[in-house]
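To keep things clear, I will list the structure first and then write my remarks on it.
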Amino acid sequence: MLKHKWLAGAIMMMLPWLSFADASLTLTGKVVASPCTVDTDTVNKTVDLGTVQRRDLQTAGEGGEWQDFDLLLTNCPAGTTKVTATVSGTPDTQDATAWKNSGTSGNMALRIANRDRSQTVAPGDSLAQNVNISTRSASFPLSARMFTPLGSATAGTFQSVMNVDFTWQ
C-alpha cells in the first residue's frame, strides 16, 4: 500500500512537467525622428488682422487685407527630414473651410491660405514641409484675413483661434 502511495505521489509530481503550451510573444515599437524646436514666436503667435469698415463687408466673400505670417521650426536634428502641421479649431457655421469668429462682430470668419493664396487651409487640414538640411529648419508660410461668408457683417470685435500640432519624420 505504501508502494502505491509513493508511486501515485511520484506521478502527481511529474504531471506539471508533462503538460505544456506553446506561447508566442510579439514585441513592437516605433523608431521616430527627433523633434525640431517650435520657434518662440510661433508658440503663441498673434496675427493682427487690422480694421475693416462694415460698409466694405456687405457682399459674401468680402474681407480685410491678407496678413502674412510664418510657422517656424528650428534646430531640427539631422535625421528629421519632414515636418507636418495639422491645424484645428472651431469651424465657422456658415463656411466649414473657415474658422469661427468668437468676437462680437456678426457674419465674420477667419480664412487661412498658403502664402500665394492659391490654396485654402481649413480646420483639420495637414500641411507638410521638408526640413532645409543646411539651416535645419522648416517654415510654413501662410496668410490670414477676416472675411464675411454671407455678407451683411455687423460691427464688433474679431477673434479666432487656430491650433497647430506638429509631427516629424
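What follows draws every value from the coordinates through simple rules; no lab data is involved. Since this is a predicted model, take the numbers as computed values, not measurements. Virtual Cβ from ideal backbone geometry, glycine too; neighbours counted across all protein chains shown.
Give the Rg (one decimal place) followed by the Dmax (whole number) of region 49-168, computed from C-alpha coordinates and expressed in Å.
Answer for region 49-168, Rg first and Dmax second: 16.1, 52 Å.
Would you mind putting 71-81, 157-167, 124-134, 108-118 in packing order, based on average other-beta-carbon counts within 10 Å, highest first?
Ranking, from highest mean packing down: 108-118, 71-81, 157-167, 124-134.
Pull out the extension gain between Ser126 and Arg54, defined as 0.36 nm times the separation in residues minus the alpha carbon to alpha carbon distance; nm, one decimal.
22.7 nm
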